[in-house]
Amino acid sequence: MSLRPILIHPDPRLKKVAEPVARITPEIETLAADMLATMYDAPGIGLAAPQIGVGLRVFVMDATREPEAEPAPLVMVNPRVTWESEALNSYEEGCLSIPEQYGEVTRPAQIRMEWLGLDGRIHEREFDELWATCAQHELDHLDGVLFIDHLSAIKRQMITRKMVKLKREQARA
């Protein structure tokens, strides 16, 4: 497994809708391992394939926050929400593709998702709290949506300008 570079907004690849994965292959398994390594190294709690320039419907997440807890990584291929609660939850979200920028996003408090696992089988699970927020955030990436797209136009423009400046500074370094 190897660490992959994470794309920084604005990058047109982050706004593209990802393609479904036809089947689990050794390449998909390698992609998942690289994504998990990259996510943990960043450090983050989720990472979608488009964030590393791969236009496939794959994301990884591990919203375990307690330092003493065992990691609980999930790899989701072709994920989809099959149910969402009417109750909402607001969370201050951040993103590895938009470093050091945060914004309050309101999403369903609980969701049920279905996805293809690396074992080739369909899995289904309900998520709540941070896990639900993370899963919805990563699923948005697969549809070309960033968390800042849920913010006001002014806040979105402000964050985008900061990211353009950051990319310019990184290019000079």
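Note on TYR102: accessible area approximately 120 square angstrom, rounded to 10, probe 1.4 Å, nucleic acids and ligands left out. Each of THR82, GLY53, VAL105 was scored by the projection of its Cα onto the charge dipole of the chain, and the greatest displacement toward the positive side belongs to GLY53; charges sit on the C-beta of Lys, Arg, Asp and Glu. Once the Cβ-Cβ distance of ALA33 and VAL164 is raised to the sixth power relative to R0 = 30 Å, the FRET efficiency obtained is 0.40. Here the sum of -39500 (n - 2.57) over DSSP H runs of 4 or more residues, divided by the residues of the chain, equals -9500 deg cm²/dmol at 222 nm, to the nearest 500.
Of the residues LEU36, MET1, ALA22, the one whose Cα sits farthest towards the positive end of the charge dipole of region 1-89 is ALA22 (charges of +1 on Lys and Arg Cβ, -1 on Asp and Glu Cβ, taken about the Cα centre).
For region 22-115, the ratio of Cα radius of gyration to the globular rule of thumb 2.2 N^0.38 Å stands at 1.15. Hull volume per residue, based on the alpha-carbon atoms of region 73-165 and their convex hull, is 103 Å³. When a 1.4 Å probe is rolled over the protein heavy atoms, the share of accessible surface on the chain that falls to carbon and sulfur comes to 51 percent. Counting heavy atoms of the protein chains alone, LYS167 has an accessible area of about 70 Å² for a 1.4 Å probe. At the listed q of 0.08, 0.12, 0.16, 0.17 Å⁻¹, the Debye profile of the chain, built from one uniform point per Cα, gives log10 I(q)/I(0) equal to -0.23, -0.53, -0.96, -1.09. When exposed loop sites are taken as GluC sites (Glu not before Pro) in a DSSP loop with at most 11 other Cβ atoms within 10 Å, the longest stretch of the chain clear of them is 87-173. Placing unit charges on the Cβ atoms only, positive for Lys and Arg and negative for Asp and Glu, gives region 1-160 a dipole magnitude near 620 debye about its Cα centre.
Taking a span of 18 Å or more along the helix axis (Cα atoms) and a mean Kyte-Doolittle hydropathy of at least -1.0 as the rule, the DSSP H helices of the chain that qualify are 26-41, 129-142.
The values are calculated or read from the model by the stated rules, or taken from the named source; none is laboratory data. Just so it is clear, the model here is predicted, and its values are computed rather than measured. We place every Cβ from the backbone using ideal geometry, glycine too, and count neighbours over all the protein chains shown. Please note that ligands, DNA and RNA were not included when accessible areas were found on the heavy atoms of the full protein model with its side chains. Shrake-Rupley method; radii C 1.70, N 1.55, O 1.52, S 1.80 Å.
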